[in-house]
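Report on the following structure.
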Amino acid sequence: MPRLVVVSNRVAVPDPEGPRQAGGLAVAVNAALKHREGLWFGWSGETSYEGAPNKPKIVERRQRSFVTIDLSPTDYQEYYNGFANRVLWPILHYRVDLAEFTAVDLGGYLRVNAHFADALSEFIQEDDWIWVHDYHLLSLAKELRARGHNNPIGFFLHIPCPPPDILLALPQHAETMGTLGHYDLVGTQTEHDAENLRHYFEMQGGTFNRNRTAFDIDGRRVQLRAFPVSIATKVYARTARSALRSDFAAEMRDSLNSRKLMLGVDRLDYSKGIPHRIQGFGQFLDTYPQWRHHVTYLQVTPKSRSDVPEYADINHTVNTLVGQINGRYGEPAWTPIRYVNRAYSRASLAALYRMAAVGLVTPLRDGMNLVAKEYVAAQDPANPGVLVLSRFAGAAEELDGAILVNPHEPEAMAAAIDSALTMPLPERQARHRGMFRHLAANDIDKWAENFLAALAERRQPATLFDNIRQLFAARSGK
């Protein structure tokens, strides 16, 4: 079995004294490396002075190699804060209006991708498979090919992919999105995302096979398919069961005083729709006054990217809305919204999921949103809660037992919350049973297995039929 080289922006090096990493990317990488020799390469999370020696740091943990490099402050600002988070992130989340493009930041992004390729090259062996993750490293395959690496290279986009008219708004898009044509396999979260990317490459001259799972461009064959990422479903269910017996869970139960818990768990980001959700909850209290004093909405929102102005703005907006609703409806013995800006352990979150009668997962746009899947996995099958899910989250393609909502409609959000709270037990059980069965059969191990099986097919030469079709297309001017 060939060695697997995983590349991502950040590397989660395990703490030998601590628990295993629980973040979504870390769980995905661990699933990919579970039964094979592997190396995980990426940024250390540290910055070093310009021009300082920047030799890769190598750590051996649990029969795996973790290789990290530092970035210079300039690289960090231009590549990470600049192009990745102020151009690619908003555009790929359909927010062209928030993109702030500069040629300097694009140069920094391409420079760091080349720097990754230089540093990684010394570790690549001839038979390695390489799996690159997410929007930070779109052009890495192009850089690796330029350095003579002919290994199978796959790419997985963890966030949404908008339609071509939005992608084309990205300045010099061919230098970033267009370089995905240098991979052997490109994976997206949903079929909708994959079809958007197919249309983009058709506009760039790509010719697709009959079932639209691969295309030829500039003499290369690229597979393009959807691989919905998932979680360790049964493991998470066990964690939730045991976490309910913790002191943390007992304190939370006592604080609720028999009120029903509604829960949102999101990183502080404008794509998550937190202000819209809070407004929807306010509309719920307006429209269904009988629920006042009987529900508590807990919003857990760790801050992120605090040095990017848009994130300071969203924090101010959320704080203002929470204050307005609590000021309007709150009583000395009841606070409608509890808003917490800190991260919790995996076990503590699992306990909160298990206790919540309603899970609110209502992003404006999301590639997948694993919180939705964690909420379903954590429920008590005998008395499950109800998931209220944005139709714009990738998870909506799979979790058909959720109540789907448009987060832009506060009245619809309010009605969905009331429906969730009043749903009869047999219906709640049936909805949960179907979703859990799907998640158990399509867990994170299955996701990694499916992606790597597709990568094993490698680049296939164009068939005679494909060549003839391309010839006729060229002669007809299509």
Averaged over all viewing directions, the convex hull of the alpha carbons in segment 233-441 casts a projected area in nm² of 10.9
Expressed as a whole-number percentage, the relative contact order of segment 233-441 with C-alpha contacts under 8 angstrom and at least six residues apart is 26
What the Cα atoms of the chain span along the principal axes, largest first and in whole Å, is 69, 54, 43
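I'm checking a number: the convex hull volume of the Cα atoms of segment 1-145, normalised per residue, in Å³. What is it? Could you put the intermediate results ahead of the total?
On the way: hull volume 17.9 nm³, N = 145.
Taking only Cα atoms, segment 1-145 has a hull volume of 123 Å³ per residue.
Counting other C-beta atoms within 10 Å, and keeping those with at most 13, which DSSP coil chymotrypsin sites (Phe, Trp or Tyr not before Pro) do you find in segment 132-200? Walk me through the intermediate numbers first.
On the way: sites: Tyr135, Phe155, Phe156, Tyr183, Tyr200; in loops: Tyr183.
Answer in residue order: no site qualifies.
With each run of n ≥ 4 DSSP H residues scored as -39500 (n - 2.57), what mean residue ellipticity at 222 nm is computed for the chain after dividing by its residue count and rounding to the nearest 500 deg cm²/dmol?
Values: 16 runs with 187 residues, N = 478.
Helices in the chain give a 222 nm mean residue ellipticity of -12000 deg cm²/dmol.
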Bridge orientation stat for the chain from DSSP, antiparallel percent rounded to 5, came to 20
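Could you pull out the longest piece of the chain with no exposed loop GluC sites (Glu not before Pro) in it, calling a site exposed if DSSP puts it outside H, G, I, E, B and it has at most 14 other Cβ atoms within 10 Å? Show your work: numbers first, answer last.
Values: sites that count: Glu17, Glu37, Glu50, Glu100, Glu122, Glu126, Glu457.
Here the longest run is 127-456.
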Of the candidates Gly359, Asn406, Ser304, the farthest towards the positive dipole end of segment 233-441 (Lys/Arg Cβ +1, Asp/Glu Cβ -1, centred on the Cα centre) is Gly359
Distance in nm between Ala312 and Glu457 label points, each 7 Å along Cα→Cβ, equals 4.9
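Quick one: dipole size for segment 326-465, taken about the Cα centre, charges +1 on Lys/Arg Cβ and -1 on Asp/Glu Cβ, in debye to the nearest 20. Can you show the working numbers first?
Numbers: 15 positive and 15 negative charges, 63 e Å.
Its charge dipole is roughly 300 debye.
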With Rh as the Kirkwood radius over Cα pairs, segment 140-183 has Rg/Rh of 1.02
For Phe248, the net charge from surrounding residues (Cβ-Cβ under 15 Å; K, R +1; D, E -1) works out to +4
One point scatterer per Cα, no solvent, Debye formula: log10 I(q)/I(0) for segment 350-396 at q = 0.15, 0.23, 0.24, 0.32 Å⁻¹ comes out as -0.34, -0.73, -0.78, -1.14
quick shape note, segment 195-237: Cα extents on principal axes in Å, largest first -> 46, 17, 17
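Which whole-number percent gives the relative contact order of the chain, counting Cα pairs below 8 Å spaced six or more residues apart?
Working: 867 pairs, mean separation 67.1, N = 478.
Contact order relative to length: 14 percent.
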Residue ranges of DSSP H helices in the chain that stretch 20 Å or more (Cα, own long axis) and have mean Kyte-Doolittle hydropathy of at least -1.0 are 103-121, 309-329, 425-441
In segment 233-441 the DSSP beta bridges are antiparallel at a rate, in percent to nearest 5, of 5
Expressed in angstrom, Rg and Dmax over the Cα atoms of segment 277-401 are 15.3, 45
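We did not get these values from a lab; they are worked out from the coordinates using the rules stated. Owing to the predicted nature of the structure, the values given are computational and were not obtained by experimental measurement. As a convention, Cβ positions derive from the backbone with ideal geometry for all residues, glycine included, and neighbour counts pool all protein chains shown.
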